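Below: the structure, in structure tokens.
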Amino acid sequence: MLAIKVGSRESELARWQARWVMECLRQAWPDIALRLVTLKTKGDKILDVALARIGDKGLFTRELEQALLDGAIDMAVHSMKDMPASLPAGLTIGAIGVREDPADVLIAPAGYNLASLPVRARVGTSSLRRKAQLANARPDLELVDLRGNIPTRLARMERKGLDAIVLAAAGVKRLNHGRIPGEAIPYHLCLPAAGQGAIGIEIRSGDAKIARLVAAINHPPTAAAVRAERAYLRALEGGCQVPIGALAAVEGEALVLQGMVASLDGRQLLRDFVSGSTFNPEAAGQELARKMVARGAGAILQEVRNYGGSSHR
């Protein structure tokens, strides 16, 4: 039996996610043969430049997607927050696994939380979405570009003399066996990136065999929430270039979607929400985007694009 090739980025977290998917597949299909294939993406190669200056969609997905289209791999495992709002022709999301904590977490060696950080504290983050919301909540903070995988960022925190860094709680928990050496930032201060905390499996459209296999991993409540968030992002033409946050909560068939759009400096920040249904989560995303545009989100986003900003992540 030929092994099904599972594509992943090379980072420790990406490999953890791929192995998790592979274990779930083995539990669902005990006789399955799987092989992990790792690739380095553009976002992994360019580590000395802030994402905001690269200005490119698919930084962490394009090489995997090309391998998928070329038949070099049979599925690609992604952090959903890294995926552009629109996929290349010929590819689709085959499944979205159960979501880990979608929050952002502030990690500070001295035990600070966002409220107790000293005035003019230096905080590291690679994300304009986080920077804008942190600047809105604490305009006194000095926000420092910080790239790299989680272990690298933790190591650089001390070398750069940072008081704290902000990371996705999900990644920290996955690499620390559920433990998190920091404090989650409340959602009313910092909404996560669309899809944050969720693992997606990208497959070729029309590949019925792989679609049937990965369907066993799909978690419908998470999938509905992420579909709503991504529809909001897509309707605002967000991609990876603007400070946009989104978070959907699902209870039964009901869905509540929160959204955020901010200027780069955080001085303009719009938030709103809509209620919807898991039967058509994209409708909630589109409705929230219309609501935000009516309140001025379009002008804010155009200003961000004119400036050349990057990264909803």
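Determine whether L213 is surrounded by fewer than 24 Cβ atoms within 10 Å (Cβ to Cβ), outside the structural domain of V293 (by TED's automatic domain parsing), in contact (Cβ under 8 Å) with a residue 60 or more places away in the chain and more than 22 Å from A170 (Cα to Cα).
Numbers: surrounded by fewer than 24 Cβ atoms within 10 Å (Cβ to Cβ): yes; outside the structural domain of V293 (by TED's automatic domain parsing): yes; in contact (Cβ under 8 Å) with a residue 60 or more places away in the chain: yes; more than 22 Å from A170 (Cα to Cα): yes.
It is true that L213 is surrounded by fewer than 24 Cβ atoms within 10 Å (Cβ to Cβ), outside the structural domain of V293 (by TED's automatic domain parsing), in contact (Cβ under 8 Å) with a residue 60 or more places away in the chain and more than 22 Å from A170 (Cα to Cα).
Are there any helices (runs of 4 or more DSSP H) wholly within the stretch 206-313 with 3 or more residues that are more than 30 Å from L2 (Cα to Cα) and of a type in the set (D, E, K, R), and if so which?
Passing ranges, in order: 220-235, 281-294.
Can you tell me which of (1) in contact with a Ser or Thr (Cβ under 8 Å, 6 or more places away or on another chain); (2) surrounded by fewer than 18 Cβ atoms within 10 Å (Cβ to Cβ) is the one Q17 doesn't meet?
With respect to (1) in contact with a Ser or Thr (Cβ under 8 Å, 6 or more places away or on another chain); (2) surrounded by fewer than 18 Cβ atoms within 10 Å (Cβ to Cβ), Q17 is out only on (2).
Among residues belonging to the stretch 59-98 that are within 21 Å of A235 (Cα to Cα) and of a type in the set (D, E, K, R), point out the one that is surrounded by the fewest Cβ atoms within 10 Å (Cβ to Cβ).
D82
Only one residue in Q258, Q196 is polar (S, T, N, Q), under 26 Å from G124 (Cβ atoms) and touching a Phe, Trp or Tyr at 6+ places or on another chain (Cβ under 6 Å). Which one?
Q258
I need a count of the residues in the stretch 134-152 that are under 19 Å from P192 (Cβ atoms) and either within 18 Å of the chain's Cα centre (by Cα) or touching a residue at least 40 places away in the same chain (Cβ under 8 Å) (or both).
Residues that pass the stated criteria total 8.
Of the conditions (1) modelled with pLDDT under 95; (2) over 26 Å from E65 (Cβ atoms); (3) of a type in the set (A, V, I, L, M), L128 clears all except one; give me its number.
The failed condition is (2).
Give the residue, chosen from A208, A248, A289, A254, that is in contact with a strand residue (DSSP E or B) (Cβ under 9 Å, 6 or more places away or on another chain) and within 30 Å of L68 (Cα to Cα). Spell out the reasoning first.
Details: A208 fails: in contact with a strand residue (DSSP E or B) (Cβ under 9 Å, 6 or more places away or on another chain); A289 fails: within 30 Å of L68 (Cα to Cα); A254 fails: within 30 Å of L68 (Cα to Cα).
Answer to the check: A248.
What are the residues in the stretch 135-158 that are in a helix (DSSP H, G or I), buried (at least 17 other Cβ atoms within 10 Å of the Cβ) and β-branched (V, I, T), if any?
If the condition is that a residue be in a helix (DSSP H, G or I), buried (at least 17 other Cβ atoms within 10 Å of the Cβ) and β-branched (V, I, T), then I150 is the only one that fits.
Is it true that some residue in the stretch 39-58 is surrounded by fewer than 20 Cβ atoms within 10 Å (Cβ to Cβ), at pLDDT 90 or above and in contact with a helix residue (DSSP H, G or I) (Cβ under 6 Å, 6 or more places away or on another chain)?
Within the stretch 39-58, one or more residues are surrounded by fewer than 20 Cβ atoms within 10 Å (Cβ to Cβ), at pLDDT 90 or above and in contact with a helix residue (DSSP H, G or I) (Cβ under 6 Å, 6 or more places away or on another chain).
The values are calculated or read from the model by the stated rules, or taken from the named source; none is laboratory data. Quantities reported herein were computed from a predicted structural model and do not represent experimental measurements. We place every Cβ from the backbone using ideal geometry, glycine too, and count neighbours over all the protein chains shown.
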